[in-house]
Amino acid sequence: MTEKQMFDLLVTEGLSEHGAAALLGHFQAESGLNPRNLQNIYEKKLGFTDDTYTVAVDSGSYAGFVRDCAGYGLAQWTHRARKKGLLEFAQAAGKSVGDAAMQLKFALYELKAHYKGVLMALKTATDIRAASDIVLTQYERPADQSEAVKQNRAGYGREIYRHYSGKMAGGGITEAQARQKLVSVATQWCGRKESDGSHREIIDIYNGHAPLARGYKVKYTDAWCATFGSAAAIAAGYTDIIPTECGCGQMIE
């Protein structure tokens, strides 16, 4: 699921464009907008990667999801009750616990059930910084709620708004944050390979973006190195500065 699709889903579900951008800005900070993200410090401790953890939870071969205290998903859900709710919500929907659309809908379900003031603020938001601060202090509640953190997260929200609303004047994020955003998108796909079909999400993102370079739809059996670079640009919202291609030679040209 691309960043644009996430933004559109939240707006369709009733959040204002400012509110949708503010919420996604937090998810960018928490997980790099990777719905399969397992908190880094727990990868070695539990012996999982993002993908193997997700597969093990989905299959039932790993039963510790609710109790392991590891942050997971877009919002890095950690508390036992919230992870239990996420898992049950996914199972009821017949979706992977790492499905992005399902996680966004679960976040909205949580907001409606337990954080009504935050939800109302996101529905009526006209200022990203104000909405972002409410998400930080009342929904995400990280240990660090400093001014620097507030500025950083609101910066991500402004960048998302700039790309997908087109109504923003001024604001944005630093060059370092912009570079890190692309890196975060790219590294979420580490370990994706043809042998288990996990590379298909990358190709689907590329094929779902119009116009296709030279009108060619990439097959799952094609070489996909250039497609990967293009998909990262698409998912990060940087196609205005990173032209999309599915062939290395054409990309260089």
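What the table shows:
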| read-out | value |
| --- | --- |
| Förster-model FRET efficiency, 35 Å R0, A81 and T12, C-beta, rounded to 0.05 | 0.80 |
| GNM flexibility winner over the chain from K44, K123, K217 (Cα, springs under 10 Å) | K44 |
| Three-way shape label, segment 50-97, alpha-carbon gyration tensor, a/c 1.5 | rounded |
| Gyration tensor (alpha-carbon) shape descriptor, segment 183-253, a/c threshold 1.5 | oblate |
| Shape of segment 105-253, Cα gyration tensor, a/c cut at 1.5 | prolate |
| Gaussian network model of the chain, Cα within-10 Å springs - most flexible of A56, A21, A235 | A56 |
| Sequence of H18, H114, H199 when ordered by accessible area, the most exposed leading, probe 1.4 angstrom | H114, H18, H199 |
| Under DSSP loop assignment and at most 13 Cβ neighbours within 10 Å, longest chymotrypsin sites (Phe, Trp or Tyr not before Pro)-free interval of the chain | 1-215 |
| Simple spin-label estimate for E253 and A223 in nanometres, 7 Å along Cα-Cβ | 1.5 |
| Cα-Cα over 30 Å, subset of K84/K217; K84/K219; K116/K150; K112/K193 | K84/K217; K84/K219; K112/K193 |
| Computed accessible area, S59, all protein chains, 1.4 angstrom probe, square angstrom | 80 |
| Separation of alpha-carbon centers, segment 5-51 and segment 185-253, rounded to whole Å | 21 |
| Of the DSSP H helices in the chain, those whose Cα atoms cover at least 15 Å axially and whose Kyte score averages 0.5 or more | 225-236 |
| MRE, 222 nm, helices only [DSSP H, n ≥ 4, -39500 (n - 2.57), over the chain, to nearest 500] | -17500 deg cm²/dmol |
| Cut-off 19 Å, label 7 Å out along Cα→Cβ of A176, residues of segment 148-163 by amide N | 148-159 |
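The values are calculated or read from the model by the stated rules, or taken from the named source; none is laboratory data. Treat the numbers as computed from the prediction; the structure is a model and nothing was measured. Cβ: placed from backbone, ideal geometry, glycine included. Neighbour counts: every protein chain shown. All accessible areas refer to the heavy atoms of the entire protein, side chains included, with ligands and DNA or RNA removed. Shrake-Rupley method; radii C 1.70, N 1.55, O 1.52, S 1.80 Å.
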